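Report on the structure given below.
The values are calculated or read from the model by the stated rules, or taken from the named source; none is laboratory data. The structure presented is a predicted model; accordingly, all values stated were derived computationally and were not measured. Backbone-built Cβ (ideal geometry, glycine too); neighbour counts: all protein chains shown.
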Amino acid sequence: MRLEAVGRALRRWFSKAERVVIIGVGNPLRRDDSVGVEIVHRLEGKVSERVYLVDSETVPEDYIEPISDFRPTHILIIDAALIGTVPGAMRLVRDWKDSGTAVSTHALPLQLFCTYLVETTGARIAMLLIQPKEVDFDEGLTPELKETADKLASYLLKIPGLGCD
């Protein structure tokens, strides 16, 4: 999915959000696997007080308590996943129970994490999955994913209520 289409879907999904958690998942030692983490870093210091950013790296389950304490209405998880398309392409999965069509690059099934978050917070959850180019051991995003991270972070900050006003 192209940024414009994902952006429209995100804008609709966030339209009634009161308190938002954005979780970046990824391993910074595996190139493009860190795209979710990198996007969260690009948002730091630029979001409203209604947004709680989580750089969870490969252990999102470690943040369940602070996420629950924030009492979010919406949780967006951003992660690299093998979605069978070109590097940098995105898929917004609003029915995270059906996200098995994508193969996450992490050991913990994000569906299990999402199930627990719904039980503890009652929040709406979506996953923004991004096709990596390389997930070999190395640091830094490939140029394709760096461009995706820059554009997506910029777009998220333009969604009403997310960026600082």
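On the basis of being out of contact with any Gly (no Cβ under 6 Å at 6 or more places or on another chain), acidic (Asp, Glu), surrounded by fewer than 24 Cβ atoms within 10 Å (Cβ to Cβ) and not in a helix (DSSP H, G or I), does Glu18 make the cut?
Criteria met by Glu18.
Looking at the stretch 119-135 only, could you name the residues that are among the aliphatic types (A, V, I, L, M) and under 14 Å from the mean Cα position of the chain (by Cα)?
Hits for the stretch 119-135 are Ile125, Ala126, Met127, Leu128, Leu129, Ile130.
Hey, does the stretch 98-110 have a residue that's of a type outside the set (Phe, Trp, Tyr), in a helix (DSSP H, G or I), surrounded by 20 or more Cβ atoms within 10 Å (Cβ to Cβ) and at pLDDT 95 or above?
no
This table checks each residue for (1) over 14 Å from the mean Cα position of the chain (by Cα); (2) over 21 Å from Arg124 (Cα atoms); (3) not polar (S, T, N, Q).
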{"position": "Gly26", "(1), (2), (3)": "no, yes, yes"}
{"position": "Ser34", "(1), (2), (3)": "no, yes, no"}
{"position": "Lys46", "(1), (2), (3)": "yes, yes, yes"}
{"position": "Thr85", "(1), (2), (3)": "yes, yes, no"}
{"position": "Val93", "(1), (2), (3)": "no, no, yes"}
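Tally time: how many residues in the stretch 33-90 are in contact with a strand residue (DSSP E or B) (Cβ under 9 Å, 6 or more places away or on another chain) and in a helix (DSSP H, G or I)?
The number of residues fulfilling the criteria is 16.
I'd like the residue in the stretch 1-15 that is part of a helix (DSSP H, G or I) and surrounded by 16 or more Cβ atoms within 10 Å (Cβ to Cβ) and, out of all such residues, is modelled with the lowest pLDDT.
Result: Leu3.
Please go through the stretch 13-57 and pick out each residue that is hydroxyl-bearing (Ser, Thr, Tyr) and touching a Pro at 6+ places or on another chain (Cβ under 9 Å).
Result: Ser15, Ser34, Tyr52.
Which residues, counting only those in the stretch 136-152, are surrounded by fewer than 21 Cβ atoms within 10 Å (Cβ to Cβ) and either within 17 Å of the chain's Cα centre (by Cα) or assigned to a helix (DSSP H, G or I) (or both)?
Within the stretch 136-152, Pro143, Glu144, Lys146, Glu147, Asp150, Lys151 meet the criteria.
State all residues of the stretch 38-65 that are farther than 15 Å from Cys114 by Cα and free of Cβ contacts under 8 Å to residues at least 24 places away in the same chain; if no residue qualifies, say none.
Those that are farther than 15 Å from Cys114 by Cα and free of Cβ contacts under 8 Å to residues at least 24 places away in the same chain: His41, Glu44, Gly45, Glu49.
Checking the condition surrounded by fewer than 17 Cβ atoms within 10 Å (Cβ to Cβ), closer than 22 Å to Arg11 by Cα and modelled with pLDDT of 90 or more, which residue from Glu49, Glu65 passes?
Of the residues listed, the single one that is surrounded by fewer than 17 Cβ atoms within 10 Å (Cβ to Cβ), closer than 22 Å to Arg11 by Cα and modelled with pLDDT of 90 or more is Glu49.
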